[in-house]
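Participant: This is the structure I have questions about; it appears just below.
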Amino acid sequence: MTVVGRVVALWRYPVKSMAAEALDGVEVSWNGLTGDRRWAFIRDGQARNGFPWLTIRELPELCHYRPFFAEPDRPDASAVLVRTPRGGELDVADPALAAELGPGVRVIKQNRGVFDTMPLSLLTTQTVAGLGKLAGADLTAGRFRPNFLVDAGGRGFPEDAWVGRILRIGGLRLRVDKRDKRCVVTTIDPVTLRRNPDVLRAIARDREAHLGVYGSTVEPGRVAVGDPVELDP
């Protein structure tokens with residue numbers, strides 16, 4: 001096994017498009033990180049749409065809604081609560097929360113997770129820095145909503161070379177299946193909510209519209225911050 005990096009941050013998203021939950025360690029199953037994107041909100045009249053979800057594209061303020069598990073040690077069996085930007089706390093299934101997000105919005109739960117493409121996403125610190133130079137912007141990884149942030153050393157976009165390979169991260173074996181095609185969500189700063197179209201322009205112009213990678217589980221296991229990332233020969 002060849003060590004190609006180290007995990008420097010882990011995030012899951014209990015509610016699709018809401019704020020991330022930073023983790024020190026997490027179990028990863030066939031359906032991604034335990035508790036990741038199990039809840040999502042559907043836009044009014046879009047239930048039969050191929051992409052019915054209410055996301056940051058339509059409502060950037062979703063970044064400031066902070067979901068968390070009432071029982072952090074039992075995320076798959078725990079209620080999910082959401083801290084609103086005004087400081088209140090609501091159960092994710094409370095109709096008052098859906099009403100706050102917009103007329104006709106409703107919530108669903110999907111035990112296998114609500115993923116755009118694949119259940120795992122990975123990004124390197126080198127890629128964030130490299131794109132920042134291309135876009136002329138100071139960027140953070142949170143803008144791109146990965147599950148795993150890896151420091152791979154050096155420069156460039158190292159995860160591109162891992163597509164088609166298997167990584168071992170802690171007790172997890174992960175197949176890197178494809179590059180991550182990006183959308184307008186990347187233009188939105190998750191803290192200030194300001195839009196910077198230069199970010200997506202740089203991804204489209206210099207990265208063929210891709211940044212970071214998607215993956216799937218080959219062998220479930222636990223991952224923690226600090227774990228080495230090893231490339232399976």
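The values are calculated or read from the model by the stated rules, or taken from the named source; none is laboratory data. Note that this is a predicted model, so its numbers are computed, not measured. Glycine gets a Cβ as well: all are built from the backbone with ideal geometry, and neighbour counts include every protein chain shown.
Participant: Checking the condition assigned by TED's automatic domain parsing to the domain that holds Thr55 and assigned to a strand (DSSP E or B), which residue from Leu90, Leu149 passes?
Facilitator: Leu90
Participant: For the subset of segment 173-208 comprising residues that are over 17 Å from the mean Cα position of the chain (by Cα) and among the acidic types (Asp, Glu), which member is surrounded by the fewest Cβ atoms within 10 Å (Cβ to Cβ)?
Facilitator: Looking at the filtered set, the residue picked out is Glu208.
Yes/no per residue for (1) at pLDDT 95 or above; (2) surrounded by fewer than 18 Cβ atoms within 10 Å (Cβ to Cβ):
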| position | (1), (2) |
| --- | --- |
| Asn31 | yes, no |
| Thr34 | yes, no |
| Asn49 | no, yes |
| Leu59 | yes, yes |
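Participant: Moving on to the next point. Within segment 67-75, identify whether any single residue is surrounded by 15 or more Cβ atoms within 10 Å (Cβ to Cβ) and among the aliphatic types (A, V, I, L, M), and answer yes or no.
Facilitator: No.
Participant: What number of residues within segment 110-127 satisfy the criterion of being out of contact with any Ser or Thr (no Cβ under 7 Å at 6 or more places or on another chain) and surrounded by 13 or more Cβ atoms within 10 Å (Cβ to Cβ)?
Facilitator: 12
Participant: Evaluate segment 177-193: report whether one residue or more is at pLDDT 95 or above and closer than 18 Å to Arg6 by Cα.
Facilitator: Scanning segment 177-193 turns up no residue that is at pLDDT 95 or above and closer than 18 Å to Arg6 by Cα.
Participant: Next question. Here is a list: Val107, Val82, Val8. Which entry is buried (at least 21 other Cβ atoms within 10 Å of the Cβ), among the aliphatic types (A, V, I, L, M) and part of a strand (DSSP E or B)?
Facilitator: After applying the criteria, what remains is Val82.
Participant: Inspect all residues belonging to segment 63-77 and state whether any of them is within 18 Å of Arg145 (Cβ to Cβ), in contact (Cβ under 8 Å) with a residue 12 or more places away in the chain and among the hydroxyl-bearing types (Ser, Thr, Tyr).
Facilitator: Yes, because at least one residue in segment 63-77 is within 18 Å of Arg145 (Cβ to Cβ), in contact (Cβ under 8 Å) with a residue 12 or more places away in the chain and among the hydroxyl-bearing types (Ser, Thr, Tyr).
Participant: Related question: Name every residue in segment 196-208 that is touching a residue at least 24 places away in the same chain (Cβ under 8 Å) and either assigned to a strand (DSSP E or B) or not charged (D, E, K, R) (or both), in order of residue number.
Facilitator: Within segment 196-208, Asn196, Val199, Ala202, Ile203 qualify.
Participant: Is there a residue in segment 119-130 that is at pLDDT 95 or above and assigned to a loop (DSSP other than H, G, I, E, B)?
Facilitator: yes
Participant: A follow-up question, please. What number of residues within segment 132-167 are among the polar types (S, T, N, Q) and in contact with a Leu (Cβ under 7 Å, 6 or more places away or on another chain)?
Facilitator: The total comes to 1.
Participant: Name the single residue that is surrounded by the most Cβ atoms within 10 Å (Cβ to Cβ) among those in segment 209-229 being closer than 20 Å to Asn31 by Cβ and either without any contact (Cβ under 8 Å) to a residue 60 or more places away in the chain or among the aliphatic types (A, V, I, L, M) (or both).
Facilitator: If we take residues in segment 209-229 being closer than 20 Å to Asn31 by Cβ and either without any contact (Cβ under 8 Å) to a residue 60 or more places away in the chain or among the aliphatic types (A, V, I, L, M) (or both), then Val213 is surrounded by the most Cβ atoms within 10 Å (Cβ to Cβ).
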